[in-house]
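This report refers to the structure that appears directly beneath it.
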Amino acid sequence: MSAQVFHQAMGTLQSNRLLNNSGTHHELGNIRVQLIPKCFKLNIELSRNRNFRFGKKNFGIIQATASQTSVIESASSPSNHDTSDSKKKSNEAALILVRHGESLWNEKNLFTGCVDVPLTKKGVEEAIEAGKRISNIPVDMIYTSALIRAQMTAMLAMTQHRRRKVPIIMHNESEQARTWSQIFSEDTMKQSIPVVTAWQLNERMYGELQGLNKQETADRYGKEQVHVWRRSYDIPPPNGESLEMCAQRAVAYFKDQIEPQLQSGKNVMIAAHGNSLRSIIMYLDKLTSQEVISLELSTGIPMLYIFKEGKFIRRGSPAGPAEAGVYAYTRRLAQYRQKLDEMLH
Amino acid sequence: MAAAASFFSQSVGTIHVCGCANSSGFCFGKSSSRSISNGFPIHVRLLGKRICSSSHCKLHVVRESNSCALMMDRVSSSSDSSIDNNGKRSIESALILIRHGESLWNEKNLFTGCVDVPLTKKGIEEALQAGIRISNIPIDVVYTSTLIRAQMTAMLAMTQHRHKKVPIITHNENEQANLWNQIYSKETKKQSIPVTPAWQLNERMYGELQGLNKQETAERYGKELVHGWRRSYDIPPPNGESLEMCSKRAVAYFREHIEPQLQSGKHVMVAAHGNSLRSIIMYLDKLTSQEVINLELSTGIPLLYIYKEGRFMKRGSPVGPTEAGVFAYTETLALYRQELDEMSQRTS
């Protein structure tokens with residue numbers, strides 16, 4: 001999809017007019033642009049780009065020539081359009097994982113899987129609370145699943161964010177959807193946070209258990225069988241996914257689409273589900289299948305990782321609802337928060 | 001439930017529902033229905049029950065007797081999906097229209113159109129409030145646009161509904177999506193309300209104005225031109241839709257997909273946008289293009305129509321935020337509400 005191609009291209013070549021809406025988020029984690037080994041010119045006519053359209057305007061023609069030149073993002077002012085040189089190259093990006101809160105079928109104790117069930121009032125509250133916890137952490141891009149409970153969680157959480165940028169869901173289900181969602185103001189673009197929805201981040205698909213409650217399921221299939229499906233790593237329910245299968249598509253997506261963003265210094269939030277997030281954490285923390293089976297993610301308590309030099313450093317453990325999440329700020333995050341304080345006073 | 005209910009409301013001789021104030025601000029209008037000309041006797045099961053939860057309310061039931069007895073099904077039990085007993089399909093169904101509340105670009109005064117911008121905190125509140133207003137009105141199916149602000153409005157509103165059914169968004173964008181969202185329990189399905197997203201219900205697409213603010217736009221194009229786009233019926237902004245174009249696809253969708261639901265007795269909620277809803281109202285109320293241009297829909301105040309015998313009767317006018325919406329209950333709706341009351345009394 002051209003959206004991905006674009007993201008990938010942007011991984012190596014930053015235009016601060018597009019995805020990287022403003023320098024503010026990068027004042028401390030400057031983007032280091034990797035030089036493309038060959039010497040060639042990249043002419044990016046973003047007006048033709050599919051996801052972020054600028055209409056007729058021609059934005060950001062960036063040329064990368066051989067080794068010496070490096071184009072670095074300017075850190076500070078949102079109105080600085082030009083790429084400028086010579087900032088520090090600290091490649092540190094924040095990764096926030098948020099598991100959605102209570103859904104209407106959680107409440108009724110039904111197996112949900114990929115059935116698109118919304119949040120309860122409690123789930124709405126949890127999302128807003130989660131938002132407060134991350135209100136000082138920079139967010140440049142958001143990824144969610146294709147299910148409304150994760151999308152709502154992201155949108156509700158972001159109403160609390162102090163930076164006041166506007167999350168905007170990207171549409172590319174059809175040419176018309178792409179065309180119809182174009183934005184024609186540069187300033188507005190800069191104040192936007194793209195939100196990408198991806199089925200690969202969906203909850204584990206539960207096959208023929210979807211919609212059943214525990215009693216029904218035990219009646220239909222027998223207790224032990226059900227226990228195996230729920231607690232094993234690689235045994236799928238009938239016509240469903242095992243945790244292993246879920247992990248495969250979720251982690252592949254993460255590595256393919258999300259990690260390059262982090263590599264380019266973008267701060268990312270992922271709003272998804274118990275199993276898709278466990279899968280990703282399995283990758284981030286290098287867990288074994290035994291360990292991941294026992295991993296329980298709290299709902300509504302965001303988890304923070306710092307991505308630095310190719311490594312994921314966990315800064316907030318999966319904590320129970322009674323335990324406050326511990327977010328040890330890095331210096332960069334502390335400074336970002338300070339900027340927010342100054343901005344809002 | 002819907003068909004039985006509507007038949008019931010038509011055929012119950014004369015029922016006078018007296019004015020009754022209740023906590024959600026709805027008022028009962030006094031209403032009477034005509035008896036069926038061939039005079040069925042009606043055994044009203046409700047006679048034995050306390051009719052109204054409020055002590056202010058009196059319900060008089062007039063019994064008409066004749067040769068054959070006709071048992072009416074209890075209204076609105078959630079598992080009742082049958083048509084009425086004697087096969088007659090006199091249908092009365094509810095149609096709720098909700099315009100979403102404040103979005104993040106409304107707040108910033110930017111032209112939004114089809115850019116998928118979410119709700120503000122205020123917009124979230126408006127959706128919850130709207131939900132409280134409709135919490136006693138039956139809903140069988142929901143239609144929204146493909147934009148998150150309308151979908152969230154529907155989902156938030158439904159968290160307030162008293163029936164405890166679960167809205168579920170149907171996915172069929174491709175085969176996998178279709179397969180992956182299958183439900184395997186009949187009971188669960190019965191407790192579900194299908195939600196169908198449709199781009200035809202999207203906001204009017206604003207072309208090259210999307211993302212611009214009023215100042216920017218006036219500067220770029222000149223004041224008069226902008227005024228022309230915003231206030232005319234058939235002049236589109238550059239690469240955008242005119243209100244007429246928006247109407248065409250919205251009303252076509254309504255007639256093709258939504259009206260048949262109403263015809264079959266299903267109660268429908270549509271959560272959408274200013275222009276797509278105006279377009280539909282233009283169709284429902286048979287407005288002229290001049291009239292529709294001047295039509296302003298409040299955000300967060302649901303509009304109720306009753307669909308009956310191919311006609312749409314407006315039961316709540318587009319009102320400003322300070323004016324309480326007046327929803328005159330029909331008997332069907334009053335009885336549905338009563339059922340909800342009983343349901344929650346049993347469970348409490």
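Results, tabulated for the structure shown:
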item	result
Mean projected area in nm² (Cα convex hull; one quarter of hull surface) for the stretch A:196-345	11.2
A:Ile168 long-range amide H proximity, modeled H, under 5 Å	A:Ile193, A:Val195
Simple label model, 7 Å out from Cα along Cβ direction - A:Glu309 to B:Asp234, nm	6.9
Amide H contacts of B:Gly240 (H built 1.01 Å from N, under 5 Å, at least 5 apart or other chain)	B:Glu208
Net charge, B:Ile98 excluded, C-beta distance under 12 Å - Lys, Arg +1, Asp, Glu -1	+2
Residue-by-residue Karplus 3J(HN,Hα) for the stretch B:286-293, coefficients 6.51, -1.76, 1.60, Hz, glycine and proline x	6, 8, 7, 5, 5, 5, 6, 4
For B:188-201, mean number of other protein chain Cβ atoms within 10 Å	2
Pairs of Cα atoms farther than 19 Å apart, the stretch B:120-204, %	44
Efficiency of FRET between A:Asp341 and A:Lys122 - r from beta-carbon atoms, R0 25 angstrom, step 0.05	0.20
Cα-based radius of gyration of the stretch A:83-344 once divided by 2.2 N^0.38 Å, which approximates compact folds	1.04
Estimated vicinal HN-Hα couplings, Hz - the stretch A:237-242 in sequence order (Karplus 6.51, -1.76, 1.60; Gly, Pro = x)	x, x, 6, x, 9, 7
Order by protection proxy (mean Cβ within 10 Å, highest first), peptides B:253-262, A:110-119, B:230-239	A:110-119, B:253-262, B:230-239
Extension reserve of the B:Leu179-B:Glu219 stretch, reckoned as 0.36 nm per residue once the Cα distance is removed	9.4 nm
Scattering curve values for the stretch B:183-325, log₁₀ I(q)/I(0), Debye with Cα scatterers, q = 0.21 Å⁻¹	-1.36
Radius 11 Å from Cβ of A:Ile235, net charge of other residues (Lys, Arg +1; Asp, Glu -1)	-1
Length gained when the stretch B:Gln345-B:His257 is fully extended (0.36 nm per residue, less Cα-Cα span)	28.0 nm
Per-residue mean of C-beta atoms belonging to partner chains within 10 Å, peptide A:191-200	2
Number of Lys pairs (Cα under 21 Å; 8 or more positions apart or on different chains) in the stretch B:91-238	11
Value of Rg to Rh for the stretch B:147-195 (Rh from inverse mean 1/r over Cα pairs, i.e. Kirkwood)	1.01
Rounded FRET efficiency, nearest 0.05, which uses the C-beta distance separating B:Asn172 from A:Glu224 and R0 of 41 Å	0.70
Per residue accessible area of the stretch A:83-344, 1.4 Å probe, in Å²	38
Packing-based ranking, highest mean first, of A:255-267, A:236-248 given that Cβ atoms within 10 Å are counted	A:255-267, A:236-248
10 Å Cβ neighbours from other chains, averaged over peptide B:97-105	2
Interchain or long-range residues, amide H under 5 Å from B:Tyr143's placed H	B:Thr196, B:Met269, B:Val270, B:Ala271
Sorted peptide list for B:208-216, B:142-150, criterion being average Cβ within 10 angstrom, highest first	B:142-150, B:208-216
Efficiency of FRET from Cβ geometry, B:Glu125 and B:Lys314, R₀ 22 Å, rounded to 0.05	0.25
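The values are calculated or read from the model by the stated rules, or taken from the named source; none is laboratory data. Given the structure is predicted, the values throughout are model-derived calculations rather than measurements. Note: ideal-geometry Cβ built from the backbone for every residue, glycine included; neighbour counts use all protein chains shown. Surface accessibility is based on the protein's heavy atoms, side chains included, excluding ligands, DNA and RNA. Shrake-Rupley method; radii C 1.70, N 1.55, O 1.52, S 1.80 Å.
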